[in-house]
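Take a look at the structure below.
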Ligand SMILES: *[C@@H]1O[C@H](CO)[C@@H](O)[C@H](O)[C@H]1NC(C)=O
């Protein structure tokens, strides 16, 4: 890399870091009362607030006119036996609600509403406090006893609870319900994504995220309407080649549940498939508590409907920080993938500093540092990916007879 280019990266990184620190400081200095942030008092109504930003908050970025309209949908239902502490969650929520400027539709119990509004500040928020518990969400309604009985069948029962299953399995429904609610109030979106409220765990440079133009690229032209984007943590085992829906959810580390979505029509079709599969297997007493294992089943049933990204690099060397370079936590790689180039560059700078201090021996090597710059992985069709795992003769199994 030439010296001017390197200076440019350094500058971008410095600017991003300054913005990041500024944003975090302003959050920490923020008055604790929600009233100082929100133009309305706390109400269960779901209206989109577009009050002018106070001076301490970063101004929301305007997307170019041709950009698709994007909605992020999320929820926070505090569970008494969570594997993470309330303080940890508050920090993660601040990195999401306090920093991402994209429209957010957020579900939380009434008692948490004020905290969510305070963290969100003047950024656009539709807050829905209609559900006090995940079991109040329609597809989970009345399933407390069924889910409690199912808990005994979970091989990871020691760290899961029935209420946690309900939170996971509510996601596809909440995603489409948010789109419906927004539409009923005159707000149309071209894409909607479920985004776990606790998925921004560290300081980051993402703001107008996911970048609308990147989203267009990821979905590609033409058939975008039918597709759901869902990141994969791994590939199904070869033994899944003979999987059929009668076997139930596929218990393997394949899909991630933290982030998924697409155009409204695809999101609705995905939710319909998800609950058809869930209800059928719940009725026969199978374990359906883990959304990822249900997503896995849908990936095998309808691979042509999904697009994905995998954090894998056939060219990774043993001394490399990660398969695609220094990209932070691989589980959240999609955050980088879906960001605009300026934000990706700022993240590379952050991770580059981490990588350099983690490998002192190589710190002085410009070649090595250059090699660790986080790379952009290709987005692929799940049908193509599964054919590469199972062999060219593989075809998706027939859906479950009802
Ligand atoms: C919250 O969401 C539910 C489900 O979509 C909906 O029925 C309800 O009207 C929403 N509440 C508000 C206040 O918008």
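None of the figures in this text is laboratory data; all of them are computed from the coordinates on show. In this text the structure is predicted, and so the values were computed from the model without any measurement. Please note: Cβ atoms are built from the backbone with ideal geometry, for glycine as well, and neighbour counts cover all protein chains shown.
Look at the alpha carbon pairs under 8 Å that are at least 6 residues apart: their mean separation over the length of the range 135-238 gives a relative contact order of 16 percent.
Would you mind calculating the gained length between residue 130 and residue 111 on full extension (0.36 nm times residue separation, minus the Cα-Cα distance), in nm to one decimal?
Net length gain for the segment: 5.7 nm.
Between residue 389 and residue 217, with labels modelled 7 Å along Cα→Cβ, what's the label distance in nm to one decimal, could you check? Simple spin-label model gives 2.6 nm for this pair. Net length available on complete extension from residue 283 to residue 185 is 31.7 nm, with 0.36 nm assigned per residue and the Cα-Cα distance removed. Shape class for the range 183-321: oblate, because the ratio a/c of the largest to smallest gyration tensor axis (alpha-carbon atoms, square roots of eigenvalues) is 1.5 or more and b/c is at least a/b.
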